[in-house]
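Trainee: If you scroll down you'll find the structure; I have some questions about it.
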Amino acid sequence: MDDEERIRYKFFLGSGCRDKEVTFAAWSDIDFDKKTYHVRRKEDVHFTPKSHESRPIPLPDSLIALLKNRRRNAPHDRRIFVNEEARPDNHFLRKLKRIAKRAGLNCGQCRTVLTEGPYEKKKQIEVSCKDRPVCEHFCLHRFRKTCATRWHEAGIPIRTIQMWLGHKSLETTMIYLGVTDSAKLRSNINIAFSLSRTDRSCDTAIRDSLLLVLHSTTVAVLCRGYRFNCNPAIPQESGFRASIRPSGSQRSGSTFGHRCPLLCSGFFHDDKQSSHRASVPGAIPP
């Protein structure tokens, strides 16, 4: 890969831009002070960003340095990337596949049909990526997805990534993000369960988790016509103080027994004070 090819595809990777957004990139779009590239509409070449999303995109320092060097001996006074005829460069995908073929990176398994020959004698032929630059494993969109994943792994908020990519839908942005190798997250995993971080025992953490599930105030669960009111803020030895009454009733009846399939394996019993103990399996005494 020569210097021209290197900066071309580093621009794809560092900006996360689409094909046409790179084709029509101009020097006036680069803010070297803020280190950004502004994707914007250019009526003279009939270019409009997809979804009409004009936006600034931050560029890494390494790419800014390459662009500054290129600016000193710019091949064009307006365009950043031009072809041999000084027109906006294009066919980036075709050129990328040629680079892959030249580097011996093709898988050798891809097959496709090409149309070749003089205009009056064109014919379709089946070719393989063993000897043609047609490997399907190389595509421009992978630069864009890799850029989005690197931003995400660096801790940049997804909403910000959505704006930088020019997506209208957050769901589309989520599709772009890759899954981080768990080996790279080992330190984060250990921190998440570090006792020194929480300064609490495991038993306390489990008990608090149970309280969180049941909610910090009153939780009402409707079971077979009865309403069970539980206040986890008043823990008792092996459960929680609660009351139970028929659904829709304003006052508790004399005596009720009811099995709750959602919270425990025992019965709740009413008494004259309407104050009860609900045995919850796995609950840890405070």
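Readers should treat all values here as calculations from the given coordinates under stated rules, not as data from a laboratory. All figures in this text were calculated on a predicted structure; none of them were measured in a lab. So basically every Cβ, Gly included, is an ideal-geometry build from the backbone, and we count neighbours across all protein chains shown.
Trainee: Return the long-range amide H neighbours of Cys17 (sequence gap of 5 or more, or a different chain), with a cut-off of under 5 Å between placed amide H atoms.
Mentor: Amide H neighbours of Cys17, under 5 Å, 5+ apart: none.
Trainee: Another question, if that's okay. Tell me, in nm to one decimal, what length is gained between Met1 and Ile158 on full extension, where the rule is 0.36 nm per residue of separation less the Cα-Cα distance?
Mentor: Stretched out fully, the Met1 to Ile158 stretch lengthens by 53.2 nm.
Trainee: Here's something else I'd like to know. Just want the ordering: Ile158, Ile189, from fewest to most Cβ atoms lying within 10 Å of their own Cβ.
Mentor: Ile189, Ile158
Trainee: For Ile57, which sequence-distant residues (separation of 5 or more, or a different chain) have an amide H within less than 5 Å of its own amide H, given hydrogens modelled in the peptide plane?
Mentor: Residues meeting the amide H criterion: Tyr37, His38, Val39.
Trainee: How big, on average over all directions, is the shadow cast by the Cα convex hull of the stretch 46-103, in nm²?
Mentor: 6.2
Trainee: Next question. Between Lys168 and Asn188, what is the label-point separation in nm under the 7 Å Cα-to-beta-carbon projection?
Mentor: About 3.1 nm separates the two model spin labels.
Trainee: Can you put Lys35, Lys97, Lys121, Lys168 in order, fewest other beta carbons within 10 Å first?
Mentor: Ascending Cβ contact count within 10 Å gives the list Lys121, Lys168, Lys35, Lys97.
Trainee: So, in nm, how far is label His38 from label His91 when the simple model puts each one 7 Å beyond its Cα toward the Cβ?
Mentor: About 3.3 nm separates the two model spin labels.
Trainee: Okay, next question. If the reach is capped at under 25 angstrom between alpha carbons, list the lysines near Lys184, excluding any in the same chain fewer than eight residues apart.
Mentor: Reachable lysines: Lys10, Lys145.
Trainee: At 7 Å along the Cα-to-beta-carbon direction for both Arg98 and Leu140, put a label point, then send me their distance in nm to one decimal.
Mentor: Placing both labels 7 Å beyond Cα along the Cβ direction yields 1.5 nm.
Trainee: Using a/c under 1.5 as the rounded threshold, could you call the stretch 3-105 rounded, prolate or oblate? The axes a ≥ b ≥ c are square roots of the C-alpha gyration tensor eigenvalues, and prolate needs a/b larger than b/c, oblate otherwise.
Mentor: Because its axes are fairly even, with a/c under 1.5, the stretch 3-105 counts as rounded.
Trainee: List every residue whose amide H lies under 5 Å from the amide H of Val82, counting only residues 5 or more places away in sequence or on a different chain, with H placed 1.01 Å from N in the peptide plane.
Mentor: Here Asp89 satisfy the definition.
Trainee: When Lys and Arg each count +1 and Asp and Glu each count -1, what net charge do the other residues less than 13 Å away from Thr149, Cβ to Cβ, add up to?
Mentor: Value of the local net charge: +3.
Trainee: A follow-up question, please. Got a sec? Charge dipole of the stretch 64-169, +1 on Cβ for Lys and Arg, -1 for Asp and Glu; which of Leu66, Phe143, Leu105 is way out at the positive end?
Mentor: Projecting each Cα onto the dipole axis, the largest value belongs to Leu66.
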